[in-house]
Structure formats: structure tokens, C-alpha cells
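For reference, the structure discussed in these notes is given below.
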Amino acid sequence: MSPKNAKGPVDLEGTAATEAQIAVHWREEGYFYPPAKFIGQANASDPGIFDRFSEKNYPECFNEYADLLSWDQYWHTTLDTSNAPFWKWFVGGKLNASYNCVDRHLAKDRNKPAIIWVPEPEDADTQVITYQELYMRINEFAALLNGFTDLRTGDVATFHMPMVPELPVAMLACARLGIIHSQVFGGFSGAACGGRIADSKSRVLITMDGYYRNGELVDHKVKADEAVARALEEGVVVEKVLVFRRRPGEYASQSPMVPGRDFFVDELMADYRGQIVEPVSMPAEAPLFIMYSSGTTGRPKGCQHSTGGYLAYVTGTSKYYQDIHPEDTYWCAADIGWITGHSYIVYGPLSLGTTSVMYEGLPTYPDAGRPWRIAERLGVTTFHTAPTTIRMLRKLGPDEPAKYNYHFKHMTTVGEPIEPDVWRWYHDVVGKGDAVIVDTWWQTENGGFLGSTLPALHPMKPGSCGPAVIGIFPEILDENGDKVDAGSGIAGNICIRNPWPGIFQTIWGDPDRFVKTYYEKYNKDPKSTDWRDWPYFANDGAMQAGDGYYRILGRVDDVINVSGHRLGTKELESACLMVEEVAEAAAVPVVDQVRGHAVEMYISLKPGVEASPAIQNKVSQMIETEIGKIARPKNVWIVSDMPKTRSGKIMRRVIAGISNFTDVGDITTLANPDVVNDIRHFVQSEKVAHGDEPRELTEEELKAVKSFGHAE
Ligand code: WT7
């Protein structure tokens, strides 16, 4: 195993970095080893698995994942590449996803909990939904879809649902009938939902009147009216809006029900009680759902996922990487409105017949001890969340986990790079030093994990996702398509050389954009039907260490170019988090006469810490020590909160707009749009007071500022 701190801070002035390469200055971290107790019970503890999934066994190795499912008819071709890069998996096979997630568990586990739903109000009852109960609810709702709507196999239904059990019920009811579901994150605006309805051309919207968030019963139905209006502007008529009621019989919304368009599901349901609907046997390559990518800008991309390939991939990765056993109590605290929730709350865990926990509300409501009380109460064994939540829980309740008697064997972090410092808190405090952690790198487009340690077989390394998962063969390429070597300390564009079953099939309605965004850059021959000619360009920057572990730096456009040196925003932010008082950090470029761009840092502090020039100095000093003089920030702004997307990603482009006195762009999908004005007022008046208002930007400078943080 490679030693700790193999590479210390680098003197940037002496480093020659081309535009194609991002020098990486993070320090190497030491390994952490999985506890023996974990290894003893793990689903994958035999290293023979690496051989089974090695390149010589590709693509047939993935039959092992498909064999975890129940098929109505077996496939004749594992991978069909004839219409590259529109890959087809398990061709000839037929199955039903709803049957696989529910029906097949009934014989053995009829009355075992499938979903345990925790409502946000802490005095409300937890709902335990057994596999039998879930089966009944899915069938009844499928009967309603059949009888009351004219949705048929192959049609699309849009959902705009909060985190309630009715959401997986509706998803699996659609899956039962071969109706393609398109769940839009409940926190998105009505307009955002309407745009997605129009893009997918759905005629039915399934929503709820209200839900609890941060102690309030939020009016959600109003968004349905906005969504329908927006869809109409874009030429799509929504014929029916099916409204679940958060509290059946009571209505939580101010918005009137539109006669002939809006219907309460609990009222309609009277006609469908107890009805059973046979699952429709679907071809493996039939679309199961659409998930719009969380792109912070640009037209959202409807990622179309398949039935057989997707379900096989999430089931296999849930088994080996989430280490899900049927007897586990597994809690993924993501929202089902994101791909993480689709794959690792609903489809993967239920396909494996485990108990999946769902929580309605904010993890910090009413206080930062809530997740740990839920974990204690339900005996959660396996916990899955994102760095932004971990940072938030650490900020608000650094000592809370120790107060509760829960015990995780396995934890996941997903969604963005995790700073080593935050990783260690997750490991030591949340995991009590006793749980393995997988840092899983993947994307909405991918269906399931691409990078992660195999928890019983690889050591963990804070800040690195680990090697590629089994059956995935990445390479890091520079702008010319040349390979960047492992251990070189140089980053490039991470690509996956081979197709895998979970890869999305296309962008809904826009196959050209699919090819252009993900394949054109490194395609070797547009006519080729050999998968080797079609590396998948993930649009992420990454570096591979000498030990083969990948460190993901985030979307390739999230870099700051200072005098020709490309600095990853994450490494700058990670350095800031080494300052004890800092809770969150965001790095942005600011146009600079001399250096092209300079770095500006925005930080928020841990509770109880007063803002002071001393902290600003510490941050600057830390960046200089960790990365180099060139990265020394022009300003360090201490703010109370960062503008964030609903999924918790810091909107660096908004902050960059403030720092450069340019337009901050669309902020309507932010979780906290109000902070934007506060920060703008504070930062810009300080700048003006110090004569630091930039001159009029040239067109090129403006373009650079605007493209920052704008992933395709
Ligand atoms: C982007 C995908 C993964 C499903 C939820 C987010 C970043 C994701 C990691 C990780 C470093 C990560 C990448 C990726 N990302 N996981 N473990 N380490 N970066 O899905 O919204 O499609 O975002 O999130 O930049 O491209 P998404």
C-alpha cells in the first residue's frame, strides 16, 4: 500500500500546466481499512469477483447481474452494439420491474416491511408498509391508471411528488403497466415541472396537495396549476391532474380543484379497491423512466433509462456496493426526485427484498439530531447521504451522533467530491469509527455507480471514490485524446471505455444531443459499431493516483484559470475546510488585470464562530500553504449561507456573477434564492468602497465568467 503524504503541497510557480491539464495539488491521504466484522458478513468478500468482471469476461460478466432478476423470457444477446452508441442490453429478454421489486418477494416475505416511511412531524406515526401492503397499493393504483386515464404501455406520466410512500407506489404502478414515469423533484418550481411535462409530452400529472418541510405544511398543488400553464405555453395539454392528499379527506392547498381536470386520488380509489392488475411483460430495452438531469443551466436533459439493463445494474450494485442483505434496514436519505432515490431507495433495494426507509422532511428538522433518532428508533444498519447533508449536520450538530444508540455497518457518500476533513467526521463521528464508507461517483445518466471501493475488499481513502466498480473500465484523456497516466499528478477528462447495463439509452427526444454531449468528443469513427471506438465522456475532471484510485474534481468547467494554471474549485475549497472555523467554502474566479483570473473564496462559519479578519487571513494562508501562492484569494468573503440548488450543490456561477458584477442568471430553481441579494449587497458594496469595482469586461472576459459553472 502506498505511503501517506506521498505528495505534499506543490510550488505552482514552477508547474507547467497546459489548458488540457489540471494540476492537482491535493495531498495524498492514508488508507482506512474495513472492520473485520463487516468483511465477515459482506456480499462480496471473495476477490474472485474481480476476475469474473475483468475485461476478458466483458460483456458477459453482466449476465451475473441480470441473473439476480426474475425474467419472463431470457435474453439471447447480452450486448447489441449495432446502432452505436445506442447500446442495447439483454436483447430478447422480457421482464417486469414491478414484479421484480414486489411480487417475487411475496411467497417468502409477504409481511416483511418493504418501506418504512417517517413523516417529518416527529409526533406523527411512522408507516410500516409490508411487501403485501405495497403489492396491494401498487395494484390498486395501476387499476386506477388503467381505468381512469388513457395512459397505456409506452406513454409518459409526469410526477411532481414529495417524499411520501405514494411516490414509489405510483412509480411501481406505472412500471407494472409499462408506462414510463418521469418524476420531477418535488422542490422544483411549477414552471420547471411544466417545462419537463412539455419536453416529455405527458398528458397526465400526478401530484400531491401538500407535504411537510421544515415544520410547515407546504402548499404543493399550486405548483400543479403553474406546471399545467407552462406546459400549455409550450404546446402540451395536460388532460388530467391526479392529486393525492397528504391527509386523505382534508385539503392542504389554497388552489381550487379544476373541474374535469383535477381529481383526488383517494376519492377515485373507491372504485379500484382490491383490484389486481397483471404485470405487463416488457422487453428489456423498453424505457422504464425518464429522469431529467439536474443541470444547473441549459435545457434539462431527459435521461431515458431502460427496464432490463437498468434494473440489473442497480440490483447488482446494490448487492455488492451497498452490501444490501434482505435482513438489513437500509436508509438512503436522498430524495426520490433524484436518480439516487430511484436507483438506491426504490429499484435496487426493493429488487433485493430489503427494508428501505423513506423520510419526508428536512434532515435538520427539528434539530440536527433527527437523523440519528430515526436511525436509533428503526435500527438502521446502512446509511446513504450526500456531502452537503454531512456538512450541514456537522455544522449544526457536531456532537449529536454520539448521543444516540444506533450502529451503522455501512455508509455511503454521493453527489459531489467530499473534502477529506468532512469524510473523517462522517467516519469517526457518524460511523463511530466502525462503519465502512463507500464514496460513490456516478451521474444521472449512468443509472448506477461507476467509481467506488468494493467495501470488504478495498481500503478507503478520504476524498477519493476509489477504483472503478466491477465491469467498468475508465481512462483519463487530455484534450487531444491522449491518455493521462495514473500517478502523474495530472488530471484530465474521465471517460468510460465500455458500455454498461445502467447507461441511459438516449436523451428523450434528442438523440443528436446525446451523441454530441457524451460521445462525439472522443469518438474514433462515427460509423463504427465496435464499442471500443465510443468512449463515454463523463464531462468530469479526474485524477488517478498511483494506487489506481480516482479523485473526481467535478464538472470540467468548474475550474479557475489563474495565469494559465487550472485550479480545481474542489481543492481550493478543501483547503479552506482545513481551517477549523470554516463550515462551507466556495471558490470562484474573478477577472483580474494581471493574472487573467484570480480566486475569490466564499466561506460560511460553524455555529458560534464570529466572523473576523483573523479567520480570513487563516483561509488565505491555508490556501497558500496547501496549493501555492498563485491560488491566494483576492478576497475571502464570510457569508451566512451559500446559494444552493435543491439538491444541495453550491451554485458557483451565481457567486461568480456577484464577484464580477455580472448577471447571476436564473436563480428560480435555487433552494434559497433570498441569500443571493444579501450576498450581492454585502460583497459589492465592500468592493466599491475599496475601489475594486471592475472596469467594463471585454467580450471574452464576459464569456469566461459566464461559462464558469455551466455544465452542458
Ligand atoms: C455529478 C453528477 C450521482 C447521483 C447524484 C448526482 C458529481 C457525483 C460524486 C462523487 C465526486 C461526484 C460529478 C458528477 N459527483 N458523485 N462521489 N465524488 N463527484 O447526480 O446530479 O447527475 O451529478 O456529480 O461531477 O458528474 P448528478
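The values are calculated or read from the model by the stated rules, or taken from the named source; none is laboratory data. Keep in mind that this is a model prediction, so the values were computed, not measured. A quick note on method: Cβ atoms are made from the backbone with ideal geometry, for glycine too, and the neighbour counts reach across all protein chains shown. Remember, those area values only see protein heavy atoms, side chains included, never the ligands or the DNA or RNA. Shrake-Rupley method; radii C 1.70, N 1.55, O 1.52, S 1.80 Å.
Name the residue, out of Gly186, Gly210, that is in contact (Cβ under 8 Å) with a residue 24 or more places away in the chain and in contact with a Lys or Arg (Cβ under 7 Å, 6 or more places away or on another chain).
Within the list Gly186, Gly210, the selection yields Gly210.
Could you give every pair whose Cβ atoms fall below 7 Å, whose first residue belongs to region 109-123 and is under 21 Å from His342 (Cβ atoms), and whose second residue is open to solvent by 30 Å² or more (accessible area, probe 1.4 Å), counting only separations of at least 6 or pairs across chains?
Pro113/Val128; Ile116/Thr126; Ile116/Val128; Ile116/Leu378; Trp117/Thr126; Trp117/Gln127; Val118/Thr126
Would you check which residues across region 591-608 are at negative phi and either of a type in the set (S, T, N, Q) or open to solvent by 10 Å² or more (accessible area, probe 1.4 Å) (or both) and list them?
First, the residues of region 591-608 that are at negative phi: 591-595, 597-607.
Across region 591-608, the qualifying residues are Val591, Asp592, Gln593, Val594, Arg595, His597, Ser604, Leu605, Lys606, Pro607.
Filter region 419-431 for residues that are touching a helix residue (DSSP H, G or I) at 6+ places or on another chain (Cβ under 8 Å) and either of a type in the set (Gly, Ala, Ser) or buried (at least 23 other Cβ atoms within 10 Å of the Cβ) (or both) and give the result.
If the condition is that a residue be touching a helix residue (DSSP H, G or I) at 6+ places or on another chain (Cβ under 8 Å) and either of a type in the set (Gly, Ala, Ser) or buried (at least 23 other Cβ atoms within 10 Å of the Cβ) (or both), then Glu419, Tyr426, Val430 are the ones that fit.
Look at Val654 and say whether it is within 30 Å of Ala333 (Cβ to Cβ) and outside any loop (DSSP other than H, G, I, E, B).
Against the criterion (within 30 Å of Ala333 (Cβ to Cβ) and outside any loop (DSSP other than H, G, I, E, B)), Val654 qualifies.
In region 117-149, how many residues are among the acidic types (Asp, Glu) and surrounded by 23 or more Cβ atoms within 10 Å (Cβ to Cβ)?
So the answer is 0.
For region 609-632, which positions are in contact with a helix residue (DSSP H, G or I) (Cβ under 6 Å, 6 or more places away or on another chain) and open to solvent by 10 Å² or more (accessible area, probe 1.4 Å)?
The answer is Met622, Glu626, Ile630, Arg632.
Would you tally the residues in region 428-471 being among the aliphatic types (A, V, I, L, M), more than 10 Å from the ligand (Cβ to nearest atom) and outside any loop (DSSP other than H, G, I, E, B)?
Qualifying residue count, region 428-471: 6.
Restricting to region 505-548, what's the tally of residues that are within 30 Å of His458 (Cα to Cα) and either surrounded by fewer than 18 Cβ atoms within 10 Å (Cβ to Cβ) or away from the ligand (no atom under 16 Å from the Cβ) (or both)?
Residues that pass the stated criteria total 6.
Out of (1) at positive phi; (2) modelled with pLDDT of 95 or more, what's the single condition that is false for Ile476?
Against the list (1) at positive phi; (2) modelled with pLDDT of 95 or more, Ile476 comes up short only on (1).
Has region 553-572 got any residue that is among the polar types (S, T, N, Q) and surrounded by fewer than 23 Cβ atoms within 10 Å (Cβ to Cβ)?
The first filter runs over region 553-572 and keeps only residues among the polar types (S, T, N, Q), leaving 561, 563, 569.
Adding the requirement that they be surrounded by fewer than 23 Cβ atoms within 10 Å (Cβ to Cβ) leaves 561, 563.
Yes: one or more hits.
Would you check if Asn493 is away from the ligand (no atom under 16 Å from the Cβ), in contact with a helix residue (DSSP H, G or I) (Cβ under 9 Å, 6 or more places away or on another chain) and in contact (Cβ under 8 Å) with a residue 12 or more places away in the chain?
Details: away from the ligand (no atom under 16 Å from the Cβ): no; in contact with a helix residue (DSSP H, G or I) (Cβ under 9 Å, 6 or more places away or on another chain): yes; in contact (Cβ under 8 Å) with a residue 12 or more places away in the chain: yes.
Against the criterion (away from the ligand (no atom under 16 Å from the Cβ), in contact with a helix residue (DSSP H, G or I) (Cβ under 9 Å, 6 or more places away or on another chain) and in contact (Cβ under 8 Å) with a residue 12 or more places away in the chain), Asn493 does not qualify.
What's the number of the only condition in (1) open to solvent by less than 30 Å² (accessible area, probe 1.4 Å); (2) within 16 Å of the ligand (Cβ to nearest atom) that Glu416 fails to meet?
So the condition that Glu416 fails would be (1).
Got at least one residue in region 404-413 being closer than 23 Å to Ile324 by Cα, among the polar types (S, T, N, Q) and within 16 Å of the ligand (Cβ to nearest atom)?
Looking for residues that are closer than 23 Å to Ile324 by Cα, among the polar types (S, T, N, Q) and within 16 Å of the ligand (Cβ to nearest atom), one finds at least one in region 404-413, hence yes.
Does Leu242 satisfy the criteria of being within 19 Å of Gly302 (Cβ to Cβ), open to solvent by less than 20 Å² (accessible area, probe 1.4 Å) and in a strand (DSSP E or B)?
When the stated conditions are applied, Leu242 does not pass them.
Which pairs do you get when a residue that is hydroxyl-bearing (Ser, Thr, Tyr), found in region 313-339, comes within reach of a residue that is more than 16 Å from the ligand (Cβ to nearest atom) and in a strand (DSSP E or B), reach meaning Cβ atoms under 7 angstrom, with the pair 6+ apart or on two chains?
Thr329/Thr355; Thr329/Val357; Tyr330/Thr355; Tyr330/Ser356; Tyr330/Val357; Tyr330/Thr382
Out of everything in region 549-565 that is within 16 Å of the ligand (Cβ to nearest atom) and not hydrophobic (A, V, I, L, M, F, W, C), what residue ends up being farthest from Ser640 (Cα to Cα)?
Looking at the filtered set, the residue picked out is Tyr549.
Please give the number of the condition Gly215 fails out of (1) surrounded by 17 or more Cβ atoms within 10 Å (Cβ to Cβ); (2) farther than 30 Å from Asn100 by Cβ.
(1)
Looking at (1) surrounded by fewer than 18 Cβ atoms within 10 Å (Cβ to Cβ); (2) over 23 Å from Cys174 (Cα atoms); (3) not charged (D, E, K, R), which one does Gly92 not meet, given that it meets all the others?
(2)
Looking at region 473-498 only, could you name the residues that are surrounded by 23 or more Cβ atoms within 10 Å (Cβ to Cβ) and in a loop (DSSP other than H, G, I, E, B)?
Within region 473-498, no residue meets the criteria.
Mind checking which pairs have a first residue in region 268-283 that is closer than 15 Å to Val102 by Cβ and a second that is open to solvent by 40 Å² or more (accessible area, probe 1.4 Å) and among the hydrophobic types (A, V, I, L, M, F, W, C), Cβ under 9 Å, 6 or more apart or different chains?
Once the first residue is closer than 15 Å to Val102 by Cβ and sits in region 268-283, its partners that are open to solvent by 40 Å² or more (accessible area, probe 1.4 Å) and among the hydrophobic types (A, V, I, L, M, F, W, C) give Ile276/Met136.
Residue check: is Ser640 surrounded by fewer than 19 Cβ atoms within 10 Å (Cβ to Cβ), of a type outside the set (Phe, Trp, Tyr) and within 29 Å of the chain's Cα centre (by Cα)?
In short, yes.
Would you check which residues across region 76-103 are more than 17 Å from Leu288 (Cα to Cα) and touching a residue at least 40 places away in the same chain (Cβ under 8 Å) and list them?
Leu79, Thr81, Ser82, Asn83, Ala84, Pro85, Asp103
Where residues in region 654-682 are within 16 Å of the ligand (Cβ to nearest atom) and open to solvent by 20 Å² or more (accessible area, probe 1.4 Å), which of them is nearest to Ile603 (Cα to Cα)?
This residue is Ala671.
Return only the number of the condition from (1) over 30 Å from His305 (Cα atoms); (2) within 12 Å of the ligand (Cβ to nearest atom) that Lys395 does not satisfy.
(2)
Counting only residues that are of a type outside the set (A, V, I, L, M, F, W, C) and touching a His at 6+ places or on another chain (Cβ under 7 Å), which one in region 323-348 is farthest from Lys644 (Cα to Cα)?
Per the criteria, the residue is Asp323.
All but one of (1) touching a Lys or Arg at 6+ places or on another chain (Cβ under 8 Å); (2) over 28 Å from Glu226 (Cβ atoms); (3) at pLDDT below 85 hold for Gly709, so report the exception by its number.
(2)
Taking region 150-191, which residues are farther than 15 Å from Tyr99 by Cα, touching a Leu at 6+ places or on another chain (Cβ under 9 Å) and open to solvent by less than 10 Å² (accessible area, probe 1.4 Å)?
Leu151, Ala157, Thr158, Phe159, His160, Met161, Pro165, Ile180, His181, Gln183, Gly186
Can you tell me which residues in region 573-586 are of a type outside the set (D, E, K, R) and either open to solvent by 10 Å² or more (accessible area, probe 1.4 Å) or in contact with a Phe, Trp or Tyr (Cβ under 8 Å, 6 or more places away or on another chain) (or both)?
Across region 573-586, the qualifying residues are Ser574, Met578, Ala585, Ala586.
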